[in-house]
Amino acid sequence: QVQLVESGGGLVEPGGSLRLSCAASGNIGRFNYMAWYRQVPGKQRDFVARLANDGTTTYANWVKGRFTISRDNVKKTLYLQMNSLKPEDTAAYYCFHMPGSFWGQGTQVIVSS
């Protein structure tokens, strides 16, 4: 089992920044990849960014350089640095771990003036 706990969400004005964190614990070992997804109520959960074990990063097309995914192996924490936030970035953001398809509980991001 892997436990994932997200934090760092909150209310931010358009153009602002937030850094999300995902603390991993449990039977972590060697991971295939970890990722961030987001979800708006009533819609499907959408891919945001992925960090593979070899350091390869992949982003959704709409990110367009605004977000950066990274990981601190010592702290066993995954990050998502989000800059130039837009109102349409408002969503619950979830951390994902493979193998095992583990999800965190999510952290809410609200972008509004």
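The values are calculated or read from the model by the stated rules, or taken from the named source; none is laboratory data. Computed from a predicted structure; not experimentally measured. Reconstructed Cβ throughout: ideal geometry from the backbone, glycine too, with neighbour counts over all protein chains shown. These area figures cover heavy atoms from the full protein model, side chains too; ligands, DNA and RNA do not enter into them. Shrake-Rupley method; radii C 1.70, N 1.55, O 1.52, S 1.80 Å.
What is the total of Lys pairs in the chain with C-alpha atoms under 28 Å apart, excluding same-chain pairs fewer than 8 positions apart? Spell out each step's value before the answer.
Working: Lys43/Lys64; Lys43/Lys86; Lys64/Lys75; Lys64/Lys76; Lys64/Lys86.
Number of lysine pairs found: 5.
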³J(HN,Hα) computed for each position of region 87-97 - Karplus, 6.51 cos²θ - 1.76 cosθ + 1.60, integer Hz, glycine/proline x: x, 6, 7, 4, 4, 8, 9, 10, 9, 9, 10
Fraction of antiparallel bridges per DSSP, the chain only, in percent to nearest 5: 95
Sequence of Asp89, Asp46 from largest to smallest accessible area, 1.4 Å probe: Asp46, Asp89
State the Kirkwood hydrodynamic radius of the chain in Å, one decimal place, computed from all pairs of distinct Cα atoms. 14.0
Keeping all protein chains in place, calculate the accessible area per residue for the chain (probe 1.4 angstrom), answer in Å². 53
Give the long-range amide H neighbours of Thr90: residues separated by 5 or more places, or on another chain, with amide H under 5 Å away, using H modelled in the peptide plane at 1.01 Å from N. Val111
For region 59-113, which whole percent of the accessible surface, found with a 1.4 angstrom probe, sits on carbon and sulfur atoms? 51
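Loop-only trypsin sites (Lys or Arg not before Pro) in region 31-64, please: DSSP not H, G, I, E or B, and at most 13 other Cβ atoms within 10 Å.
Qualifying residues, ordered by number: Lys43, Lys64.
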